[in-house]
Each structure stands twice: as C-alpha cells, then as structure tokens.
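Asker: I have a structure here, written as structure tokens, and I will follow up with some questions on it.
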Amino acid sequence: MSRHPCLSCGACCATFRVAFHWSEAAPELAGVTPPALTEPLDPHRVVMRGTMNKPTRCTSLVGDIGQAAHCGIYAQRPSPCHALQAAWENGEASPQCDRARIAHGLSPLTPQTWQTPVTPDLA
Ligand code: SF4
Ligand code: SF4
C-alpha cells in the first residue's frame, strides 16, 4: 500500500483563498474549525489564516509542499477543504487539484495514480 498522494503534496493549501461561513468557526453554533486559525473576510465569511496572503499558505498546513505535508487540523478543517477532491481519487477530474499542483511545479494526478491502493486515512 502506498502513501496517499495528498501527504506528499499540500499544494491546494498553499494556492487558494479558503473562505467559508463564519459559523463553521463558531463553537457556540457547533462550528468545529478553531476560530483563532481564521480571520474575517466580510460580514458573512472568514478565511483560514494565511490563505489571503501572497504567497498563499494556510497556517494550519504542516510540512513541506511536494514532499511531506498534511493538515494540522484535519478533523476540524472547514467545508471548502472537505469539498476539494484529489484528482481521480473518486474517478473524477479535479481542476482545482490540477491547478494547485501545477502552480507548485508538481504533475497533475492521473487515474493511474490510484491503481496502487493508497492509505485511506489522512488524519
Ligand atoms: S487535493 Fe490535490 S493539490 Fe490538494 S493535497 Fe491532494 S493532491 Fe495536492
Ligand atoms: S485547513 Fe487544513 S486542509 Fe484546509 S487549507 Fe488549511 S491546511 Fe489545508
């Protein structure tokens, strides 16, 4: 079994602004994302800290992009992070994954990437 490709990547966490409704970071409303790791964007949304910066890098990303990287708050990550799929992991293209990897000098994933079983647990 080989390592999940996201664990050798992390590019999407250092490419996009990660914005979501503030309630996802409101413990009193059962939000699970730590509020201290977010900053305000507008009256309705916050962003993960670091993802509005240039260069972009979520402050919750741990490790080196393209080598060994993982989300430091995987179980508490917000909805955009749940939504971004690694390309072809579930048989579908992922333009965001491709864009992020290319931006960091990495080759896009292909259907062949998943022919060898990979470790399922990223946490
Ligand atoms: S979803 Fe794609 S860009 Fe994001 S960490 Fe995984 S392989 Fe890298
Ligand atoms: S919260 Fe985790 S998964 Fe989401 S951008 Fe930050 S490091 Fe990546």
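The values are calculated or read from the model by the stated rules, or taken from the named source; none is laboratory data. Since this is a predicted model, take the numbers as computed values, not measurements. We work out accessible area using only protein heavy atoms, side chains counted, and drop any ligands, DNA or RNA first. Shrake-Rupley method; radii C 1.70, N 1.55, O 1.52, S 1.80 Å.
Asker: Once you've got the GNM for the chain with C-alpha springs shorter than 10 Å, pick whichever of Ser107, Ser94, Ser60 has the biggest mean-square fluctuation.
Answerer: Of the options given, Ser107 has the highest mean-square fluctuation.
Asker: Could you order Cys71, Cys97 by accessible surface area, starting with the largest, using a probe radius of 1.4 Å?
Answerer: Order by accessible area, largest first: Cys71, Cys97.
Asker: Pull out the extension gain between Gln115 and Ala83, defined as 0.36 nm times the separation in residues minus the alpha carbon to alpha carbon distance; nm, one decimal.
Answerer: 9.3 nm
Asker: As a test of the formula, what do you get for the chain when each DSSP H run with n ≥ 4 contributes -39,500 (n - 2.57) and the sum is divided by the residue count, at 222 nm and rounded to the nearest 500 deg cm²/dmol?
Answerer: -3000 deg cm²/dmol
Asker: If the elastic network links every pair of Cα atoms under 10 Å, which of Pro55, Pro35, Pro108 fluctuates the most in the Gaussian network model of the chain?
Answerer: Checking each option, the largest mean-square fluctuation is seen for Pro55.
Asker: Which of Ala11, Ala36, Ala87 moves most in a GNM of the chain, Cα contacts under 10 Å?
Answerer: Answer for the Gaussian network model of the chain: Ala36.
Asker: Which percent of the accessible area of the stretch 5-114 is formed by carbon and sulfur heavy atoms (probe 1.4 angstrom)?
Answerer: Using a 1.4 Å probe with all protein chains present, the stretch 5-114 comes out at 57 percent carbon and sulfur.
Asker: Right, next: Send over a whole-number figure in Å² for the accessible area per residue of the stretch 3-123, probe 1.4 Å.
Answerer: Heavy-atom accessible area per residue stands at 57 Å².
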